[in-house]
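Worksheet for the structure shown next.
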Amino acid sequence: MSHTLAAVDEQTLISSIRQQTALANRNNLTRTNAYLQFYRQHEEIHWALLAHLVSRNGGWNMTDLKGEWLPLLMDEQAIQPFFWFLERSNWLIFHDAYAQLLLYAEMKRTKKDLTPLLVPLGVSVFMQRFWREFLSTGDSRRLTHAMIVNEQQFIEQRVIHKPMAVHRVFATFAYFTQSALSLSQVLFPYKAHPTDRRLRLIGMDVQDFPEVEQRIATGKTLYKLLYADPLRFEQIRQFACRIPHSGSRADYWPQIFTTRMPRAAAEGSYHLHLHGAELREGQKKLYSPPLSAAWKDIAHTAADGVDWFRDPKWVELVDQPGDLPTITSEDYVRALQWMEYGIKLVTMLK
């Protein structure tokens, strides 16, 4: 009888976790907020804050597709696959990882090892050893590295190798252009000094995204960057807690970006807006819409695929550090300016 009761309780917990995950997985805004709320209750789970910050960047990338510049380079037929790719990846990672976070919260509350329930929740067997280890050692770094490996493998067969991504995202001129102009960045905003009026940025250019080992190295480097400097970490954390995520780049640089839609410019008449990190005299801010204005919620098909874990080399990879090049505010400004010059050239040639 007690065994049957325990099985019923486990099914109830699994069902509850699935329902909570689905409810919070409605769009990029709800996901990003859910990661932060979880982190604030369980700060030992470093991955949750990292995921919140990376998910903010995912939202900014989504709204770029409807912002000032990219519609001048891409027609609607090109924009839709890029949104699908960003949204599907964001949705899948949350679907897999947030269930793990909720199960951990229950293990923390009950002081019970519930890791056998990871598999019924659809989580790879790869993660069982690392969650068990974390319950014993509290090693936040190793758990974070394991989750980075797992989540990038989770989207490998479910997004990266799908024909839509291969042929309509990675093989396109728009993808090449964004890579060449260093526009695929992950940025962590922070206020370097309490008296600063403007936020600074630190982060990475994301290169070779289709390569899983490169994505894993990127995640590890971002994690290292986030926690490397205790003072800067606190400043980044304060930004995350203080500034609600809207999806607009005006969240971090309102001196350059605005959520107010500009009037349509005459064809071929694009004028440069930026001079360094400032607007040129007489120029209006760059349009960066909030997510709610740019995209409607979409329904997702179930997370298909099989357990990715077959090769023990991925366990060994967990302990390898990430040490890729990073960027600063100054690098980001240069990327924006290169983009403007590219936009101006394209509109002149049309």
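The values are calculated or read from the model by the stated rules, or taken from the named source; none is laboratory data. Computed from a predicted model, the values in this text were never measured in an experiment. Every residue, glycine as well, gets a Cβ built from its backbone with ideal geometry; the counts of neighbours run over all protein chains shown. These accessible areas exclude ligands, DNA and RNA; they are computed on the full protein's heavy atoms, side chains included. Shrake-Rupley method; radii C 1.70, N 1.55, O 1.52, S 1.80 Å.
Specify the residue with the greatest mean-square fluctuation among Glu211, Glu87, Glu156, computed from a Gaussian network of the chain linking alpha-carbon atoms under 10 Å apart.
Of Glu211, Glu87, Glu156, the most mobile in the Gaussian network model is Glu211.
Tell me, what % of the accessible area of region 224-350 is carbon and sulfur with a 1.4 angstrom probe? All intermediate terms of the calculation are to be shown ahead of the outcome.
Values: 4330 of 7570 Å².
Ligands and nucleic acids excluded, carbon and sulfur reach 57 percent.
So how tilted is helix 46-64 from the main axis of the chain? Cα-based, degrees 0 to 90, rounded to 10.
Here the helix axis deviates by roughly 40 degrees.
Expressed as an acute angle from 0 to 90° and rounded to the nearest 10, what is the orientation of the C-alpha long axis of helix 28-41 relative to the principal long axis of the chain?
The two axes meet at around 50 degrees.
Under 10 Å, Cα contacts only: if you run a Gaussian network model on the chain, which one of Val306, Val318, Val333 comes out with the highest mean-square fluctuation?
Taking springs between Cα atoms under 10 Å, the residue moving most is Val306.
Tally up the carbon and sulfur contribution to the accessible surface of region 101-152 as a whole percent, 1.4 Å probe, everything protein left in place. Intermediate results must be reported in sequence, preceding the final value.
Working: 1060 of 2120 Å².
Roughly 50 percent, rounded to a whole number.
Compute the distance from the alpha-carbon center of region 215-259 to that of region 283-297, in whole Å.
Comparing the Cα centres of region 215-259 and region 283-297, I get a distance of 19 Å.
Shape verdict for region 157-314, please, from the Cα gyration tensor: rounded (a/c under 1.5), prolate (a/b greater than b/c) or oblate. The partial results should precede the final answer.
Details: a/c = 1.93, a/b = 1.27, b/c = 1.52.
Oblate, because a/c is 1.5 or more while a/b does not exceed b/c.
Probe radius 1.4 Å, ligands and nucleic acids ignored: give me the carbon and sulfur share of the accessible area of region 1-81 as a rounded percent. It would help to have the intermediate numbers written out before the result.
Working: 2050 of 3750 Å².
The value for region 1-81 is 54 percent carbon and sulfur by accessible area.
Decide, for region 98-196, between rounded, prolate and oblate: order the square roots of the alpha carbon gyration tensor eigenvalues as a ≥ b ≥ c, take rounded if a/c falls under 1.5, and otherwise choose prolate if a/b is larger than b/c, else oblate. Don't skip to the end; give the middle numbers.
Values: a/c = 3.28, a/b = 1.43, b/c = 2.30.
Taking the square roots of the gyration eigenvalues as a ≥ b ≥ c, region 98-196 is oblate.
Give the residue from Phe239, Phe82, Leu336 lying farthest towards the positive end of the charge dipole for the chain; charges sit on Cβ (+1 for Lys and Arg, -1 for Asp and Glu) and the dipole is referred to the Cα centre.
Of the listed residues, the answer is Phe239.
Any idea of the accessible area per residue across region 247-321, 1.4 Å probe, to the nearest Å²?
Details: 4690 Å² over 75 residues.
It amounts to 62 Å² per residue over region 247-321.
Quick check: from the Cα gyration tensor, does region 212-256 come out rounded (a/c under 1.5), prolate or oblate? Could you put the intermediate results ahead of the total?
Details: a/c = 2.74, a/b = 1.45, b/c = 1.89.
It is oblate, given that a/c is not under 1.5 and a/b is not larger than b/c.
Using alpha carbons only, how many degrees (0 to 90, rounded to 10) separate the axis of helix 126-137 from the longest principal axis of the chain?
70
Tell me which of Ala174, Thr258, Gln100 sits at the most positive position along the dipole axis of the chain, charges placed on C-beta atoms (Lys, Arg +1; Asp, Glu -1).
Of the candidates, Thr258 comes out farthest on the positive side.
Please turn the phi angles of region 320-331 into ³J(HN,Hα) values with the Karplus equation 6.51 cos²θ - 1.76 cosθ + 1.60 (θ = phi - 60°), one per residue in order, whole Hz, x for glycine and proline.
7, x, x, 8, 8, x, 10, 10, 10, 4, 5, 5
When the helix-only estimate is applied to the chain (DSSP H runs of n ≥ 4, each -39,500 (n - 2.57), divided by the residue count), what is the mean residue ellipticity at 222 nm, nearest 500 deg cm²/dmol? Intermediate values should be presented prior to the final figure.
On the way: 13 runs with 191 residues, N = 350.
So the calculated ellipticity at 222 nm is -18000 deg cm²/dmol.
If the only charges are +1 at each Lys and Arg Cβ and -1 at each Asp and Glu Cβ, what is the size of the charge dipole of region 206-316 around the Cα centre, to the nearest 20 debye? Before the final figure, lay out the partial values.
Values: 15 positive and 14 negative charges, 115 e Å.
Roughly 560 debye for region 206-316.
Enter the accessible area per residue of region 117-238 (Å², integer; probe 1.4 Å; all protein chains in place). Mind showing how you got there, number by number?
Details: 5240 Å² over 122 residues.
For region 117-238, the solvent-accessible area averages 43 Å² per residue.
Which value, in debye to the nearest 20, describes the size of the charge dipole of the chain about its Cα centre when Lys and Arg Cβ atoms bear +1, Asp and Glu Cβ atoms bear -1, and nothing else is charged?
900
Would you mind telling me which residue in Lys285, Lys191, Lys296 has the biggest mean-square fluctuation in a Gaussian network model of the chain, where springs connect alpha carbons within a distance under 10 angstrom?
Lys296
How large is ³J(HN,Hα), in whole Hz, for each residue of region 223-228 in order, when computed from phi with the Karplus curve 6.51 cos²θ - 1.76 cosθ + 1.60 and θ = phi - 60°, using x for Gly and Pro?
These are the phi-based 3J(HN,Hα) values: 5, 4, 5, 5, 9, 5 Hz.
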